[in-house]
1. If I model a spin label at residue 60 and residue 86 as a point 7 Å from the Cα along the Cα→Cβ vector, what separation in nanometres do I get?
2. Please give the calculated 222 nm ellipticity per residue for the chain, where each DSSP H segment of at least 4 residues contributes -39500 (n - 2.57) and the sum is spread over every residue; nearest 500 deg cm²/dmol?
3. What is the P(r) of region 138-295, as percent of Cα-Cα pairs per 5 Å bin from 0?
4. Mind giving me the FRET efficiency for residue 17 and residue 111? R0 is 41 Å, r the Cβ-Cβ distance, nearest 0.05 is fine.
5. Using the Kirkwood formula over every pair of different C-alpha atoms, what hydrodynamic radius in Å results for region 2-290?
6. When 112, 35 are ordered from fewest to most other Cβ atoms inside 10 Å of their Cβ, what list results?
7. Taking the Cα centroid of region 143-213 and of region 36-96, what is the distance between the two, rounded to the nearest whole Å?
8. Between residue 226 and residue 164, take the C-beta separation as r, use R0 = 25 Å, and let me know the FRET efficiency to the nearest 0.05.
C-alpha cells in the first residue's frame with residue numbers, strides 16, 4: 001500500500017525537559033511504515049532546530065519527506081502533554097505554527113492507494129482549501145479519517161469536511177457524542193449515533209468505533225453488519241499513539257485481506273502493546289509487528 005498521511009508534526013513536551021516527536025498523522029505514518037508499506041507524510045516544519053531534528057527523525061522512521069515543507073519564520077509545532085491518574089493525556093497545543101501552512105501540489109506526483117487525515121491540521125482555512133483541491137484532483141482507493149478531536153480546534157465545518165470525503169472513519173466512543181452534538185445538535189445513544197452518521201455521509205463504507213478497555217467495533221455500511229472485538233489485556237502506561245496504531249494496523253490489514261474481523265483483532269493486539277509503553281511508538285514495536293500474521 002502507498003499511503004499519504006496528511007497533517008501535523010508536533011513535538012510533545014512532557015514536564016520541563018522531555019520532548020518526543022509526535023502528532024497523530026506522524027504516528028499513523030510510522031506504524032503504517034512498520035508494516036512494509038510505502039508512506040509519505042504531508043506536513044510542514046519551521047526553519048528552526050526542532051524542524052531540522054523532526055525531519056531527521058521522520059526519515060529514520062522510514063517515512064518519505066518529499067511532501068514536507070519548511071516554512072520560514074514559523075515555529076515547528078509543539079504541544080504540552082499532561083497525563084491524568086489513568087495515564088490519559090490532555091493537550092495544550094500551540095497555534096500559528098508551521099503545520100498550519102501545509103503546501104501540496106494540486107496533482108500529486110505519486111499514485112497513492114490511500115490518504116489519511118484528521119481535524120487538527122484543518123483548523124486553518126488555508127489547509128482545508130488545499131486538501132480539498134488534492135482530494136478532488138487525485139484518485140485514492142480509500143480516504144481514511146481519524147477525527148482525533150482536540151478542543152477548541154474543531155467545529156462543524158471541519159468535522160463535516162472530513163466525513164464528507166471519508167471512506168473509512170475511526171471515532172472513539174468519547175468523541176462520538178461530541179461529533180453528533182456538532183453535526184446534529186444531539187447526543188443520541190451509540191447505535192443511533194452510528195446510524196445518523198452513516199446515513200448523512202454516504203461515502204463512508206466502514207465506521208470504526210474504539211471503546212478503550214471495552215474493545216472496538218466496525219460497522220460495515222455496505223452490508224449493514226457489525227463486527228466487534230474485545231480489548232486485549234494490558235498494563236496501561238500511556239494511551240498516546242494507541243488510536244494511531246489501531247487505525248494503521250486496521251487499514252493495512254484490511255487493504256491486504258478485506259477481512260474486517262481479522263483486521264480488528266490484530267489492531268486490538270497492536271494497540272494493547274502500545275498502551276503498555278510510555279512512547280507513542282515504542283522502540284521494540286517493529287519486532288512485535290513481525291510476529292503479527294499479515295495474511
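1. Between residue 60 and residue 86, the label points sit 3.4 nm apart.
2. -11000 deg cm²/dmol
3. 2, 9, 19, 22, 20, 15, 10, 4, 1, 0
4. The pair residue 17/residue 111 has a calculated efficiency of 0.40.
5. Averaging 1/r across every pair of different Cα atoms and inverting gives 18.9 Å.
6. The most exposed by this proxy come first: 112, 35.
7. Answer, in whole Å: 25.
8. Computed FRET efficiency for residue 226 and residue 164: 0.60.
Quick note: the coordinates plus some simple rules give every number you see, no bench work behind them. All of these numbers come straight from a predicted model, not from anything done at the bench. All Cβ positions, glycine included, derive from the backbone under ideal geometry; neighbour counts span all protein chains shown.
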